[in-house]
Amino acid sequence: MSEVNSQQPINVVTTLIDEYAAGKRAFSRAELGNADLQGVNLKGSDLSYADLSEANLSGANLRGTDLSFADLSQANLRNADLRGALLISANLSQADLQGANLEKADCDRNTHFPPNFDLVKAGLQIQHD
């Protein structure tokens, strides 16, 4: 793989899964809107600035994953494990977070959640400037 290609954002689910299995964890700016990532294990990955809008991440292991500035709008995160994830300035508007485990995940005042989402009940830690 040439150095130029290694800098390109991930935009194919099988590539993401194969590279994770090979030990890669840096997937910043991945372009995976509408992707089917149901039940995938991406624990500890860097998905900052990724486009995961409308992606199916139900049951996914995203524990400790950096999702800062990621677009997760309208994503299906039902029963996903997001414990300890970084959600700084992430967009989770209209995301389905039913049953998602967000214990000790970090967010800030610029993180967008669905209406009526209870950050305290979910166990999120709000970072202040």
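Quick notes
- The stretch 1-46: number of residues that are among the hydroxyl-bearing types (S, T, Y) and at pLDDT 95 or above: 3
- G84 meets the conditions (1) outside any loop (DSSP other than H, G, I, E, B); (2) closer than 14 Å to A105 by Cβ in every case but one. The failed one is (1).
- Verdict on N91 being closer than 15 Å to L57 by Cβ, touching a His at 6+ places or on another chain (Cβ under 6 Å) and in contact (Cβ under 8 Å) with a residue 12 or more places away in the chain: yes
- For L102, the test of being surrounded by 14 or more Cβ atoms within 10 Å (Cβ to Cβ), at pLDDT 95 or above, under 19 Å from G64 (Cα atoms) and in contact with a helix residue (DSSP H, G or I) (Cβ under 6 Å, 6 or more places away or on another chain) is passed.
- Residue tally, condition among the basic types (K, R) and either closer than 14 Å to S68 by Cβ or touching a residue at least 60 places away in the same chain (Cβ under 8 Å) (or both), over the stretch 105-129: 1
- For the stretch 51-62, the tally of residues that are surrounded by fewer than 20 Cβ atoms within 10 Å (Cβ to Cβ) and of a type outside the set (S, T, N, Q) stands at 2.
- Note on the stretch 93-111: residues that are under 16 Å from Q127 (Cβ atoms), part of a loop (DSSP other than H, G, I, E, B) and within 13 Å of the chain's Cα centre (by Cα) total 3.
- Residue within the stretch 64-71 that is within 14 Å of A122 (Cα to Cα) and at pLDDT 95 or above present: no
The values are calculated or read from the model by the stated rules, or taken from the named source; none is laboratory data. Every value quoted in this text rests on a predicted model; they were computed, and no experiment measured them. In this analysis, Cβ positions are derived from the backbone assuming ideal geometry, glycine residues included, and neighbour counts consider all displayed protein chains.
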